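J.: This is the structure I have questions about; it appears just below.
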Amino acid sequence: MASYNILTPEYKIILLGEPGVGKTSFFFRVRDEVFLAESPTTVCTGVEHLEHRIVIDGQEVKTNVFDTAGGERFRTLTSNYFTNADAAILMYSIEDQYSFERIEDEIENALQFVDPEDFVWALIGNKADLHLEIEESSIKAKGKHLGTPLLYYTSAKSGANVKESLDAVVKYVHRKRAGTPRKYSGVDSDLLPIISTVSTPKMKSGCC
Ligand code: GDP
Ligand code: MG
């Protein structure tokens, strides 16, 4: 779990999801505020984690965000990847139904390594610049099943919602760890609204 440095609490957030959903692109968007035109998966990134700092309730909080470094392609994410993780961002691509269905397997796999009582899940639909192929009701149902209000659309390509959603996850983890009582009743003024839509992805229409 997080190490409780009095001055700076530290958290670990891991990225999970099918190959190709945009985890590495999300990671680079957070780190460098860029979108690499070439598929990051084909670039030897050599980077596995980044350090993200924000101030929450007047206190600086440090978060290490881990990317899979491609291990998910070969189903070789080891227990190390999950060790001491406080939260997982379960990422799917909004234009890829299969990647959404695979989230269940990601959860099942993660549960071998994490304590569900103490773990925070966030569900992020990336590629929000493309067409939405997944019913919003299914997304909400999955969030309910996971017991999380952290449901977001992002676009690593445009940058929309990337930092906002990550900050919301960190904030949620921090408050949970700090034991700050919080009520969740659909919309929390401190969190982005459930399924935040910076630019609402359009459901693919039947024609054309
Ligand atoms: P990973 O395998 O989950 O790490 O996915 P990558 O970050 O390697 O991205 C896979 C492909 O999706 C690449 O070609 C990216 O350029 C593309 N991609 C990633 N994020 C987005 C996005 O938000 N919008 C669009 N249109 N393409 C994206
Ligand atoms: Mg990757």
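J.: If you scan region 89-121, which residues turn out to be in contact (Cβ under 8 Å) with a residue 60 or more places away in the chain, loosely packed, with under 14 Cβ neighbours inside 10 Å and closer than 21 Å to Tyr11 by Cα?
T.: Across region 89-121, the qualifying residue is only Asp118.
J.: Quick one: in region 39-59, which of the residues that are on the phi < 0 side of the Ramachandran plot, at pLDDT 80 or above and open to solvent by 80 Å² or more (accessible area, probe 1.4 Å) is farthest from ligand 2 (Cβ to nearest atom)?
T.: Val55
J.: A follow-up question, please. Starting from residues that are more than 16 Å from Ser25 (Cα to Cα), of a type in the set (Val, Ile, Thr) and in a loop (DSSP other than H, G, I, E, B), keep the ones in region 60-108 and report whichever is modelled with the highest pLDDT.
T.: Thr83
J.: Of the conditions (1) at pLDDT below 95; (2) crowded, with 19+ Cβ neighbours inside 10 Å, Lys144 clears all except one; give me its number.
T.: (2)
The values are calculated or read from the model by the stated rules, or taken from the named source; none is laboratory data. This one's a predicted model, so the numbers in the text were calculated from it and none came from an experiment. Don't worry about glycine lacking a Cβ; one is built from the backbone with ideal geometry, like all the others, and counts go over all protein chains shown. The accessibility values were calculated without ligands, DNA or RNA, using every heavy atom of the protein model including side chains. Shrake-Rupley method; radii C 1.70, N 1.55, O 1.52, S 1.80 Å.
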